[in-house]
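Here the structure comes first, spelled out in structure tokens, and everything after it is commentary.
The values are calculated or read from the model by the stated rules, or taken from the named source; none is laboratory data. Since the structure is predicted, the reported quantities are computational estimates derived from the model, not experimental observations. A quick note on method: Cβ atoms are made from the backbone with ideal geometry, for glycine too, and the neighbour counts reach across all protein chains shown.
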Amino acid sequence: MGFVPKFRLVLCFLLLSLSGVCQDAPSLPTAQEIDSILKGLSSITGFRIRKHLPFQLVTREEVNQYLKGQIQRSVKPEELRAEEATLRKFGFVPPDFDLKKTTIDLLTEQAAAFYDFHRKKLFISDWATQNMRETALVHELAHALADQNFPIQKFLAKGGDDSEESQARESVVEGQASWLMIEFAARQMGRSLKDPETAREFLKEEPAGDDSAYPVFSKAPLYIRRTLMFPYEDGQRFQQAVFLKEGPSAFAHVFEQAPVSTAQVMHPDRYFGKVVATKPELPKPLKHSKPFVSGSVGELDQSILLQQYLDTGSASTLAPRLKGASYRIDENKSEHRQMLVYVSEWDDEKSAVEYFAAYQRVLRGKWKQLEVTSQDATSFRGKSEDGYFSVVLSGTRVLSEEGFAEPVLSGV
């Protein structure tokens, strides 16, 4: 799952803070200012400065049109349809959700600056505040410097069609740049994030700010908001963990040995221990149906699903116990029907039992009409406006089959 990387692989963004703004207009940086920041970043990371970076101020409308053009060229219509179908079938977005429009509007609203690694150029929005200019410069120059040593486009492309690996790699790119913003500022004060007290002060989680100035963000589904911020927030904490373990070599290390899942980003010990997710097998498609899209469901996806339909506590305690999950959406075009087949594997049987109960609540939440036809300790079957469904518990696995034209009788 995870649509965000597919749409953002064309650019590296610095998103506006939601904690308030100053109205001073930005201006273009001087060559001396750029040179000073690059040298500072180079001294922290050990990356070589190979060339300087051109800058340009852009209007909000120019950013909007630029995004439309990039997405038009980089995302195929069938890929967009598959991503929308996945989000809808899992219940992350409403049936009428327009993924392309929301993504463009959201990034247009939020992007203070972006680095185009095709053109090797930084664009700073003319509505970004003056007090964000140096922040934008450090963040984007961090991207440019990394790109000169570990080409970002190739690095992100290695995630392939695996959305979990793509999100993990994006967290390396954005998390490192976000971490460097803080470290750069700390060093100007004679401090460093290697100091525990400084880290506690500078890396503490801030409460959500007033997002009334950003209506697209505030109205976006939880999944969109969480996956948008994940590479910056969790990626930053991941970089800190690697820095504390590896020291100055950490910056190259995360590019040379990238994490492969959101769980490795969220739990760096799994990254160091090379703990990878399982990929449980799925039942074969029914006759007259063909696979449309398939993939993995990671801890981040699972956490958001539980938070959306249960609560934050369930998300924080149950999602980390996911060992791995797979999904597939099958199509029967003659019946104009899409069917979700989704299996998750858990650390132990107790966790699977908990998720079996939790997922029943997910189904009751995402459908307006749900009729239970049979239910016991290991199965939950019925019908909704989406079609017939079946959820079956077997050992450490939970299998859900949803949206079928006839009652589902298979199991894990």
Inspect segment 151-171 for any residue being assigned to a loop (DSSP other than H, G, I, E, B), at pLDDT 90 or above and assigned by TED's automatic domain parsing to the domain that holds VAL242 and give the result as yes or no. yes
Yes/no for ALA146 being in a helix (DSSP H, G or I) and either modelled with pLDDT of 85 or more or under 30 Å from ASP386 (Cβ atoms) (or both): yes
Complete set of residues in segment 79-99 that are at pLDDT 90 or above and part of a helix (DSSP H, G or I): ARG81, ALA82, GLU83, GLU84, ALA85, THR86, LEU87, ARG88, LYS89, PHE90, LEU99
Is at least one residue of segment 86-98 surrounded by 14 or more Cβ atoms within 10 Å (Cβ to Cβ), farther than 18 Å from GLY365 by Cβ and free of Cβ contacts under 8 Å to residues at least 24 places away in the same chain? no
Just checking, how many residues over segment 244-264 are surrounded by 23 or more Cβ atoms within 10 Å (Cβ to Cβ) and either touching a Leu at 6+ places or on another chain (Cβ under 7 Å) or of a type in the set (Val, Ile, Thr) (or both)? 2
Inspect segment 246-258 for any residue being in the same structural domain as LEU193 (by TED's automatic domain parsing), β-branched (Val, Ile, Thr) and over 22 Å from GLY403 (Cβ atoms) and give the result as yes or no. yes
Subset tally (residues that are under 22 Å from the mean Cα position of the chain (by Cα) and at pLDDT below 95) for segment 182-209: 7
Being aromatic (Phe, Trp, Tyr), at pLDDT below 95 and under 25 Å from PHE150 (Cβ atoms), is that true of even one residue in segment 231-239? yes
With the condition kept exactly as written, say whether any residue in segment 131-143 is at pLDDT 80 or above and of a type in the set (Lys, Arg). no
